[in-house]
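The values are calculated or read from the model by the stated rules, or taken from the named source; none is laboratory data. Here the structure is a predicted model, which is why all the values come from computation and not from measurement. FYI the Cβ positions are ideal-geometry reconstructions off the backbone, even for glycines, and counts take in every protein chain you see. In case anyone asks, the SASA skips ligands and DNA or RNA and just uses the protein heavy atoms, side chains included. Shrake-Rupley method; radii C 1.70, N 1.55, O 1.52, S 1.80 Å.
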Amino acid sequence: MKKLSARRRHPLAAVVVLLLALAATGGLYAAFAPAGTAKADETAQSLAIEEGKKLYSVGCASCHGTGGQGTTDGPSLVGVGSASVDFQVGTGRMPAQQPGAQVPKKKVIYTQAEIDQLAAYVASLGAGPATPKEGQYSPEGADIAKGGELFRTNCAQCHNFTGEGGALTHGKYAPSLEGVSPKHLYEAMQTGPQNMPSFPDTTMPEKEKKDIIAYVNAVNGDETPSPGGLSLGGLGPVSEGLFAWIFGLGALIAVAIWVAAHTAKAKKS
């Protein structure tokens with residue numbers, strides 16, 4: 001009996017065998033892989049920030065300052081977040097060609113990879129709205145009718161009820177939303193570019209932003225019918241009334257002049 005007791009395995013023997021098996025099959029590496037992955041992500045982020053800083057020094061620092069603190073030619077970028085950079089640079093508004101009441105949309109000069117690097121650098125200057133993921137701005141499954149209500153309440157005063165845009169004061173204007181990507185629509189609501197107010201998630205939840213994006217895409221789609229026939233740019237009753245005054249009243253005046261002229265000739269004869 002004493003010999004049998006002596007041959008019994010130590011309680012930790014099974015643990016030692018398991019560790020040896022894991023080491024043989026690479027299991028220990030798998031167990032510590034998340035830490036390695038996090039370190040790799042951190043390294044990639046650091047490289048993106050470094051490359052973004054180089055791009056910033058060449059294309060942005062002359063207006064926004066070497067550290068993003070802003071100058072008399074450009075506002076501070078501290079705290080604007082990566083979403084603002086992705087919108088402004090991704091729509092070609094930045095770098096600006098010249099100062100003015102409003103910077104227009106133009107051809108994009110950076111690749112998306114370079115825009116991501118610039119955004120990473122600016123985001124490192126201070127916390128701000130992050131670039132949204134596809135699931136945040138995709139209009140799939142959104143409520144278009146609800147989006148129309150939200151758009152008419154919050155956006156139509158400037159952008160018109162179909163997103164055709166409109167004039168503001170002192171040379172400013174609300175741009176047309178036709179052809180704007182869902183991602184940039186979401187970022188505009190997040191960051192409030194130029195004259196537009198911002199709508200953070202605390203003010204307008206993500207679901208409501210998606211509803212608005214779905215509505216804008218619907219009213220500006222190629223297959224969207226115009227129940228009134230000629231849309232006149234979709235600018236609403238002002239343009240329609242102007243059309244009626246110019247062409248309708250103009251036609252009546254022309255007919256009146258023609259009748260008067262022929263009446264005078266008839267009396268003479």
Counting only protein heavy atoms and using a 1.4 Å probe, what share of the accessible area of region 134-219 belongs to carbon plus sulfur, as a whole percent? 53 percent
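After finding the eigenvalues of the alpha carbon gyration tensor for region 126-225, what semi-axes result from the square roots of 5 times each, listed largest first in whole Å?
On the way: eigenvalues 73, 70, 27 Å².
Those come to 19, 19, 12 Å.
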Under 15 Å from a label point 7 Å along Cα→Cβ of Val58: give me every residue in region 85-121 with its amide N that close. 95, 109-119
Theoretical gain in end-to-end length, Asn195 to Thr263 [0.36 nm per residue, Cα-Cα removed]: 18.7 nm
Rounded to the nearest Å, what's the spacing between the alpha carbon centres of region 129-143 and region 202-218? Just the number, please. 9 Å
Run the reach check for Lys133 against aspartates and glutamates, Cα to Cα strictly under 15 Å, same-chain hits fewer than 8 apart removed. What comes back? Asp86, Asp116, Glu187, Asp201, Glu206
Positive dipole terminus of region 94-163, leading residue within Tyr137, Ala123, Gly163 (C-beta point charges): Gly163
What accessible area per residue, rounded to a whole number of Å², is obtained for region 134-219 using a probe radius of 1.4 Å? 50 Å²
Each label point is 7 Å from the Cα along the Cα-to-Cβ direction; what then is the distance between the points at Ala101 and Ala254, in nm? 3.4 nm
Residue separation times 0.36 nm, minus the C-alpha to C-alpha distance between Gln69 and Thr203: what's the value? 45.5 nm
Quick one: how many Å² of Phe151 are accessible to a 1.4 Å probe, rounded to 10? 0 Å²
Test item: Cα-centred dipole of region 134-219, Lys/Arg +1 and Asp/Glu -1 on Cβ, debye: 220 debye
Over 29 Å between Cα atoms, which of Lys54/Lys107; Lys107/Lys210; Lys39/Lys210; Lys106/Lys209; Lys105/Lys210; Lys39/Lys105 qualify? Lys39/Lys210; Lys39/Lys105
Could you work out the Rg to Rh ratio of region 49-124, with Rh taken as the Kirkwood radius (inverse of the mean 1/r over all Cα pairs)? 0.92
Integer Hz, Karplus 6.51/-1.76/1.60 couplings in order for region 39-50, x for Gly and Pro: 5, 5, 4, 5, 5, 4, 5, 5, 5, 4, 5, 5
Amide H proximity to Tyr173 below 5 Å, modelled H, separation 5+ or other chain, gives Leu168
